[in-house]
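The values are calculated or read from the model by the stated rules, or taken from the named source; none is laboratory data. Computed from a prediction, not measured in an experiment: that's the story for all the values here. Glycine also receives a Cβ, built like all others from the backbone with ideal geometry; neighbour counts cover every protein chain displayed. To get the accessible areas, we keep the full protein, side chains included, count just its heavy atoms, and leave off ligands, DNA and RNA. Shrake-Rupley method; radii C 1.70, N 1.55, O 1.52, S 1.80 Å.
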Amino acid sequence: MQLNQEVPPRLTAHASLAITLLCGSAWLGSGAAAQTPPNEAGQAWGSISPLPNTSTLPEGWQHGAFMEVFVRGYKDSNGDGIGDLRGLTQQLDYLRDLGIKGLWLMPITASADHDHGYATTDFRALEPDYGSLDDLDELLRQAHARGIGVIMDYVLNHSAASHPLFQQSAQGAGNRWRSWYVWREPGQQADLKQWDIWGKNPWYQQLTDANSDDGSRYFATFGAAMPDFNLRLPEVQEFHRSSLRFWLNRGLDGFRLDAVPHLIENDAEHWNDQPESRQLTGEFSALIRSYPGRHVVCEATANPSAYAAAEVCGSAFAFGHEGRIIKAARGDRQAVADVAHFFETAPLSLATMLSNHDIFAGQRAWDQFHGDEAAYKLAAATYLLQPGTPFIYYGEEIGMAGVPGLAGDAPLRTPMSWRAPSRDPQAGFSKAAPYRPISPNAASHNVEREAGNPRSLLNFYKAMLKLRNTLPEIASGSYEQVRVDGLMTSFKRCQGAHCSIVAINYGRQAATLRLDASAGSPQLQQRYPREGQVLPTARNAGAARPAALRIKMAPRSVQVWRETSHINTQP
């Protein structure tokens, strides 16, 4: 999520009249009678009942790697310079061949910003630029046919200031929608100056057509253009439950829930990650998982491990781990140790990444590594072979660079590089001028060129994902026997009788991995980089203890070995 400090649209008399005319029928929320909330299209939003449908995806699909996709930036199918759902559907074979098992779509619901999408104007409609509900249904059908699940962003915390519900709420104290958002009326504002969220006061005034101020203030964690819902109100909770069901009933495979530690604020001191926020997150997550085979992942920067608990979200992004991985790949000894030991105590259900759509999580990986592909590959191997569900940010797999000179998060959210500009002026993204400039390294790092180079980043990602998709212990196994020796680390992943040993040498010098073979271990079989090489592990004849095996590790390299019983690893 990102801050948006735009001034909200002024409330107009025309908007007020249009909304009032829509509020004629009853709508039930959590057993309480309420008025039917209007939507932008002028139709009533009623309560939606669950229609649980079975999943056609393979069991455990959510343990595979996801691709985070900014639909606007992925592929344009109709020549308007903006990516869309049909364009994404056209690229599903590429994603399948890469080894992707899930897609996370950044917001595709109708929005006021028409870009990042987190300022929602209709929770049950698509952003028109992206296509129709039929296009979404076709994407789901085609993705499922390839064994790929699809989840999308859902914003519980707030709406756009131009959302009809907020426009009605802003009509003044006493109107029937006032309580759907968080307001302080004159005489209730003694503590407002005490509030500070990320250096800004989160209380804003709503101006009328006449630029008058009635003295009331509304609460908006992420800026004036995105006012917070009052999620203490049962009707608001039920509104979101029904909106989630709307998408789940169509066959969506789950959600990434945005900014969940901010659902409830208690006072100026206790506003972040309150117990009520965790409870609500757990209730919404339980609803989603009541549909078979669905997946939930949460954005919870305050305490990811707490939100990864089964009773809260079940999975949450491990913010901070990505920065340590980047440092380890550059050769930072402390970071190597921190990364190696992280999952000894952290929940294995966390979601991992190198970067994402928000600049607070870092620049694109290419820009952080300044073109050092050896370090880039070490970082990729680390998070794709460690526990957790990995989320690859679109373009990361080809080393796509961000576009300098753009404001905020825009450098991270630019068109995907499919071909070299010399072959296609828009890098294969569109036949028209794109909504933002193409990547500055599109000539050297695009899908077409990377696919033809056996040593490319793209083919390295394919190799790592092949390991994850063919070795169940890598996808969802335990994390054991962690060893660190300077810039050398190794760990074991086990599931049932099958174990794999992962060794990573982050150093620029060769190193040796020592394995103490336990009795009954007939062999180790290398799965990367030379698949099939066999290393015998039986005891030496007459030896008093297991034979010590030594595996040479080239500088800045990765090796993966599979065995059928336990072997102790020592760097």
Yes/no for LEU471 being open to solvent by 30 Å² or more (accessible area, probe 1.4 Å) and aliphatic (A, V, I, L, M):
no
So, of the residues in segment 288-307 that are surrounded by fewer than 19 Cβ atoms within 10 Å (Cβ to Cβ) and at pLDDT 95 or above, which turns out to be nearest to PRO202 (Cα to Cα)?
ASN303
Long-range neighbours under 7 Å by Cβ, at least six apart or interchain, first residue closer than 23 Å to ARG508 by Cα within segment 336-352, second part of a loop (DSSP other than H, G, I, E, B)
VAL336/LEU487; VAL336/TYR506
Identify, by number, the condition in (1) assigned to a strand (DSSP E or B); (2) open to solvent by less than 10 Å² (accessible area, probe 1.4 Å); (3) farther than 16 Å from PHE70 by Cα that LEU103 doesn't meet.
(3)
Scan of segment 73-98 for residues that are open to solvent by less than 10 Å² (accessible area, probe 1.4 Å) and touching a residue at least 60 places away in the same chain (Cβ under 8 Å), ordered by number:
GLY73, TYR74, GLY81, GLY83, LEU98
Cβ-Cβ under 9 Å, sequence separation 6+ or interchain: first residue in segment 100-116 and at positive phi, partner part of a loop (DSSP other than H, G, I, E, B) and at pLDDT 95 or above. Which pairs?
HIS114/GLU127
Would a scan of segment 226-237 turn up a residue that is within 26 Å of the chain's Cα centre (by Cα) and β-branched (Val, Ile, Thr)?
yes
Please go through segment 328-366 and give me each residue that is surrounded by fewer than 18 Cβ atoms within 10 Å (Cβ to Cβ), more than 19 Å from GLN481 (Cβ to Cβ) and more than 19 Å from the chain's Cα centre (by Cα), ordered by number.
ARG330, GLY331, ASP332, ARG333, GLN334
Looking at segment 289-348, which of its residues are in a loop (DSSP other than H, G, I, E, B) and of a type in the set (Phe, Trp, Tyr)?
TYR291, PHE319
Looking at segment 474-507, which of its residues are basic (Lys, Arg) and either touching a Gly at 6+ places or on another chain (Cβ under 7 Å) or open to solvent by less than 30 Å² (accessible area, probe 1.4 Å) (or both)?
LYS492, ARG493
Those residues of segment 146-163 which are of a type outside the set (S, T, N, Q) and open to solvent by 10 Å² or more (accessible area, probe 1.4 Å), in sequence order:
ARG146, GLY147
Only one of THR414, THR352 is in contact with a Gly (Cβ under 9 Å, 6 or more places away or on another chain) and farther than 29 Å from TYR307 by Cα; which?
THR414
Checking VAL7 against (1) at pLDDT 95 or above; (2) open to solvent by 70 Å² or more (accessible area, probe 1.4 Å); (3) not in a helix (DSSP H, G or I), the condition it does not meet
(1)
By residue number, the members of segment 515-532 that are surrounded by 12 or more Cβ atoms within 10 Å (Cβ to Cβ) and either modelled with pLDDT of 85 or more or part of a loop (DSSP other than H, G, I, E, B) (or both) are ALA517, SER518, SER521, PRO522, LEU524, GLN525, GLN526, ARG527, TYR528, PRO529, GLU531
2 or more residues farther than 27 Å from TYR154 by Cβ: qualifying strands (runs of 3 or more DSSP E) within segment 168-262:
203-207, 213-219
What's the total number of residues in segment 419-476 that are small (Gly, Ala, Ser), touching a His at 6+ places or on another chain (Cβ under 9 Å) and either assigned to a loop (DSSP other than H, G, I, E, B) or over 30 Å from PHE491 (Cα atoms) (or both)?
2
With the condition kept exactly as written, say whether any residue in segment 251-265 is open to solvent by 40 Å² or more (accessible area, probe 1.4 Å) and at pLDDT 95 or above.
no
